[in-house]
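> Sharing a structure below in C-alpha cells format, with a few things to ask.
Just so it is clear, none of the values below were taken in a lab; they were calculated from the coordinates. The structure presented is a predicted model; accordingly, all values stated were derived computationally and were not measured. When we count neighbours, we look across all protein chains shown, and the Cβ atoms used for this are built from the backbone with ideal geometry, even at glycine.
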C-alpha cells in the first residue's frame, strides 16, 4: 500500500511539472523593455509573443527583463540573478544600440565591437551551460532622421558593424538568429518610413513591436519544439 501511495504521489508530481508553462526570457535594453510614453506593457513584443504563442496552443510565460541603456557587458553581470533565476527554456538576446553608440563629447563607441562580440560569445556559452536555448537578435534599424551621434555620424553607421558581429556569432555558435536590422532595412528600401514604427526614430512604438514580434514568432516556436 505504501509503495502504491508513493507511486501515485510521484505521478501527480510529474503531471504537475508537465503542466508548468515553458518559460522565455527576453533580455536586452530599452528596446526590449519597450514600455515608454506611447507604449503600454501589453503592446511590447514580449507581451505580444506570449499572447500569440498561447493562442497557438503553446503553454508559455514570457518574462521581459529589458533595462534601458544596457550593454552586453552589463547583461553579463546580471545574467544569473535576473535571467537564469527564471529557469527559462529559451532566452532572447538583443543588444548593440547602446554598445555601438558614440556619446556627445566622445570619439569612440561605448564599448568596442571586439568587446561586444566577446560578450555575446560569453552570454551564449553561459546560457548553454545552464541548459538554456539562446536566440540572438539584431537590433532594429534607426530611422533616417535620427539625431547624429557624438562624431556627427548617423547611428546606423556604427550599429551596422555590431549587427555584423552579432550575425557572425550566431553563425559561429549555431544559434538561432532573428535579424530585425535586415528586416527593417528591407522595409525601408521598399518605402517604409521607419519613423512610423518608432516613437523617436529608435524605440519601437506599438506598430514597431508588432513587427518585431511577428518576425520572432516562427523562430521561437521552433526553439520551443523538442528535437527528435
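> Specify the residue with the greatest mean-square fluctuation among 54, 167, 117, computed from a Gaussian network of the chain linking alpha-carbon atoms under 10 Å apart.
54
> Let me ask something else about it. Between helix 113-129 and the chain, what is the angle of the helix's C-alpha long axis to the longest principal axis, kept within 0 to 90° and rounded to the nearest 10?
Once rounded, one gets 10 degrees.
> Given the rule -39500 (n - 2.57) for each run of at least 4 DSSP H residues, summed and divided by the residues of the chain, what is its mean residue ellipticity at 222 nm, to the nearest 500 deg cm²/dmol?
On the way: 9 runs with 108 residues, N = 228.
Estimated from H runs of four or more residues: -14500 deg cm²/dmol.
> Taking only Cα atoms, what is the 0 to 90° angle, nearest 10, from helix 2-19's long axis to the longest principal axis of the chain?
Taking the Cα atoms of the chain, the angle to 2-19 is about 20 degrees.
> Helix 155-173 versus the longest principal axis of the chain: what is the Cα-based angle in degrees, 0 to 90, to the nearest 10?
30
> Treat the count of other C-beta atoms within 10 Å as a stand-in for reagent exposure and order 69, 61 from fewest to most.
Ranking 69, 61 by Cβ neighbours within 10 Å, fewest first, gives 69, 61.
> If you average the sequence gap of Cα pairs under 8 Å that are 6 or more apart and divide by the length of the chain, what percent do you get for the contact order?
Details: 369 pairs, mean separation 48.0, N = 228.
Once divided by the residue count of the chain, the mean separation gives 21 percent.
> Still on this structure, I have one more. Tell me, what is the Rg over Rh of segment 22-224, with Rh the Kirkwood radius over Cα pairs?
Working: Rg = 15.9 Å, Rh = 16.9 Å.
Here the Rg-to-Rh quotient is 0.94.
> Mind listing the Cα extents of segment 21-103 along all three principal axes, in Å, largest one first?
On the principal axes, segment 21-103 reaches 44, 31, 15 Å in Cα extent.
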